[in-house]
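Q: Shown below is the structure under consideration.
What follows draws every value from the coordinates through simple rules; no lab data is involved. Here the structure is a predicted model, which means the values were calculated and not measured. Backbone-built Cβ (ideal geometry, glycine too); neighbour counts: all protein chains shown.
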Amino acid sequence: MEKLRVGVTGASGYAGIELMRILGRHPNVELRAVTSRSLEGKAVVEDMPLLRHIFSEDFKFIKSDPKVQAQMSDIDLWFLALPHGVAAEYARELLAAGKTVIDLSADFRLGSLERYIEFYKSEHPAPDLLKMGKYIIPELFDISKNDKLIACPGCYPTSILVPLIPLMRERAVSTSGIVIDSYSGVSGGGRKADLTYSYCVRNESMTAYGLPKHRHLSEIEEQLSIAGGTDVIVQFNPHLSPATRGISTTITVPAKFDGVEKIYEIWSKYYAAKKFVKVLPSGKYPDTLYVSGTNRVDISAVYDPRTKNLVITSAIDNLIKGASGQGVQIMNLMFGFDEGAGLL
């Protein structure tokens, strides 16, 4: 079978590194180009020695340039590992050239232009493309090879929506009174020199941030509202934890049923055949230690008869299932590869 020819734009960040690691050993993919404005001309293995066993010293970063990349006829699909507001510039040129785009930024995750402006405090850089973007959680949404612009979900939303969307669709939990506490490793802040993310500041430190209106809240509420068939407003409380990677999430939601039997019945209906969602027994709690390095989501639930709340917990690797790995999983499904190709 002829290999799919792909490129990665913005490959110098943590998500870009993971994309290169996964795609560089993917059995159905030929990674043709990786771009970076800051590392142009530099060998990938010089900046990222952990990839020495995957790439030769001749494989170098090229300059990020949307017009140049659009003209590269030997690349069929581009991953965009860029900040929000920047990815749209590249998506426009690449789509016009007939390329497929899987975007890891927030530029095309929202269906509402007004919601984007409200949460991102700026005009959308490509409002005419917003409706073209297809938001995909691969276990929950249909996808085909004809889709050209894919919006890969955010890391926090993935940890929240995977357990909650099936329950919302089946009207098994309340659509109000939901409180979500999430704890993220510092790699979620990106690969940059910033005192906030330095070792001396983050080690032995745990703090809330982005309250009460973190940007990912827009995506969480939009998707839960679609699934629940009504406006859903949640209290979302993100925290930085003293870990390199991983997200641990706890969701407290008023229950409609006593116990967890109905919840587990619904999860089994949706996820029994899904490779990357593992439903743990009630009372066994997901741990970031055991999903680190994988494309897996672990979820479980307990019922509190005292408060009549359902307490759901989940864990993911923020850089893989929360970003690059999920993007590759989407690619695999789009092009008929094994869903787990290149992934752990």
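Q: How many residues are more than 13 Å from CYS152 (Cα to Cα), of a type in the set (Ser, Thr, Tyr) and buried (at least 24 other Cβ atoms within 10 Å of the Cβ) when one looks only at segment 299-333?
A: Looking only at that region, the number is 1.
Q: Okay, moving on. State which residue pairs qualify: first residue at negative phi and inside segment 317-340, second residue among the acidic types (Asp, Glu) and assigned to a loop (DSSP other than H, G, I, E, B) in any location, beta carbons under 7 Å apart, and separation of 6 or more residues or different chains.
A: Filtered contacts from segment 317-340: GLN329/GLU339; ASN332/ASP338; ASN332/GLU339; LEU333/GLU339; MET334/ASP147.
Q: Let me ask you something else. Check whether at least one residue in segment 41-59 is of a type outside the set (A, V, I, L, M), buried (at least 23 other Cβ atoms within 10 Å of the Cβ) and in contact (Cβ under 8 Å) with a residue 12 or more places away in the chain, and report yes or no.
A: Checking segment 41-59: not a single residue is of a type outside the set (A, V, I, L, M), buried (at least 23 other Cβ atoms within 10 Å of the Cβ) and in contact (Cβ under 8 Å) with a residue 12 or more places away in the chain.
Q: Further question: Restricting to segment 121-155, count the residues that are among the aromatic types (Phe, Trp, Tyr) and in contact with a Leu (Cβ under 9 Å, 6 or more places away or on another chain).
A: 1
Q: Collect the residues in segment 244-290 that are in a loop (DSSP other than H, G, I, E, B) and crowded, with 20+ Cβ neighbours inside 10 Å, keeping them in residue-number order.
A: Once the filter is applied, which keeps residues that are in a loop (DSSP other than H, G, I, E, B) and crowded, with 20+ Cβ neighbours inside 10 Å, segment 244-290 yields ARG245, GLY246, VAL260, PHE276, PRO286.
Q: Does segment 81-92 include one or more residues that are under 24 Å from the mean Cα position of the chain (by Cα) and over 29 Å from ARG215 (Cα atoms)?
A: No, segment 81-92 contains no residue that is under 24 Å from the mean Cα position of the chain (by Cα) and over 29 Å from ARG215 (Cα atoms).
Q: Turning to a different aspect of this structure: Among the residues in segment 161-176, are any crowded, with 17+ Cβ neighbours inside 10 Å and over 29 Å from SER314 (Cβ atoms)?
A: no
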